[in-house]
Amino acid sequence: MELTWGEDFAALTDVSKSVFARYSPLDDRSNTVPFAEQVRQFAELGWLQLADPSGTGDESASLGTIAAIFVEMGRALAQTPLLDLTVARDAAILAGSPTATALAARIGDGDAVVVPAFGTENWGSAVSVTGGSATGRVLGVEYADQAESLLVHAVADGESLLLLVDSAEVSVEAMPNIGGHPTFSVTLTDVAMTDQRTLARGSAADHAIDLASQRGDVLRAAQVHGAGMRLLDMTVRYAQQRHQFGGAIGRFQAVQYLCTDIAVNAHVTSAHTRAAATAIDTTGDGRPYVDLMRNQAILTAREMVHCAHEVHAGIGYMVESNVHLFTDAAKRWQFDFGDAADLNSSIVSAITEIYEGV
């Protein structure tokens, strides 16, 4: 498999660097861009409609190309709703119904702020439909306090439903966390179901949610890669500047090994991310490449901050240091990916599935 990013990756990288400089806390902790302005800027840049996950768009960018934006987003540690809006639009396009298609167009134009509330096994979320009403709770929903509507995965008599629920019909509660991520609990209580609200059901709903989630995981892994490369730069620079025992600490092999571990994991994450993006673009389904990528991204998120703290020692825990910002982000990424209890067994399973299909 040719492991290359998309054709316009470099061009998008240059633009993304300048955009996310405004959002990054690494150079200025006071950097804040209002939510509405973020959505407007992403829409004006065309970032909300770069790709058509259905594969029917004539000018649709590849997933590997779009990843350029998210690599730089991770490098800047920028907190934005771009990933959530992208996943919501992808799911709406894949749902395929007229209502869903119209919704996708509005998200792409920046006229509708919709975030996914799919829930995951890791969060233990569940929404069920009985008697024509939806009830349940979805945890870990980002920007639920700013969204106009939510795309909710619900189950009715064993059948999946993809529902569009107005934010005024749900209860939103903040979930405080050490990283300050805009994460919320969304509770549905007897929300009435209508045909207009149901964007897809059965296998169509499962396909839309699964593929949109796979694509979202690829873009999240791209963020991990970008963050790893930025953290590597910071750690190497510190090892060159910090002097102890008569010279820079970077001259010690133990420090060099730690920097090397960050570099290796970040680059391996890049390779897995490109492989998963290519599989999705060419076949419409990235499993099990996405599973391998997720496991590597978990490992990278964990190891890169561990190694960086080892090199920076006590100063890395100081509020003035940026290292702890990467730690906060890495912990969230680990949880988002599921942080498998047994990485080795899941990796072996994914590799076996790949080679059995060759």
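The values are calculated or read from the model by the stated rules, or taken from the named source; none is laboratory data. As the structure is a prediction and not an experimental result, all values here were calculated from the model. Quick reminder, even Gly has a Cβ in these numbers, built from the backbone with ideal geometry, and neighbours come from all protein chains shown.
Side notes on the structure shown:
- Residue match in the stretch 308-317 (condition: in contact with a His (Cβ under 7 Å, 6 or more places away or on another chain), more than 26 Å from Trp123 (Cβ to Cβ) and modelled with pLDDT of 95 or more): no
- Scanning the stretch 68-104 for residues that are in contact (Cβ under 8 Å) with a residue 40 or more places away in the chain, closer than 17 Å to Ser149 by Cα and small (Gly, Ala, Ser) returns Ala88, Ala91, Ala92, Ala95, Ala100.
- The stretch 296-319: number of residues that are more than 26 Å from Arg251 (Cβ to Cβ) and outside any helix (DSSP H, G or I): 1
- Looking only at the stretch 37-92, and only at residues there that are assigned to a helix (DSSP H, G or I) and of a type in the set (Val, Ile, Thr), the one that is nearest to Gly216 (Cα to Cα): Val87
- The sole residue among Gly131, Gly64, Gly108, Gly140 that is in contact with a Gly (Cβ under 9 Å, 6 or more places away or on another chain) and over 30 Å from His267 (Cα atoms) is Gly108.
- Filtered residues of the stretch 114-162 (kept if crowded, with 16+ Cβ neighbours inside 10 Å, under 17 Å from the mean Cα position of the chain (by Cα) and assigned to a loop (DSSP other than H, G, I, E, B)): Phe118, Gly119, Thr120, Trp123, Tyr143, Ala144
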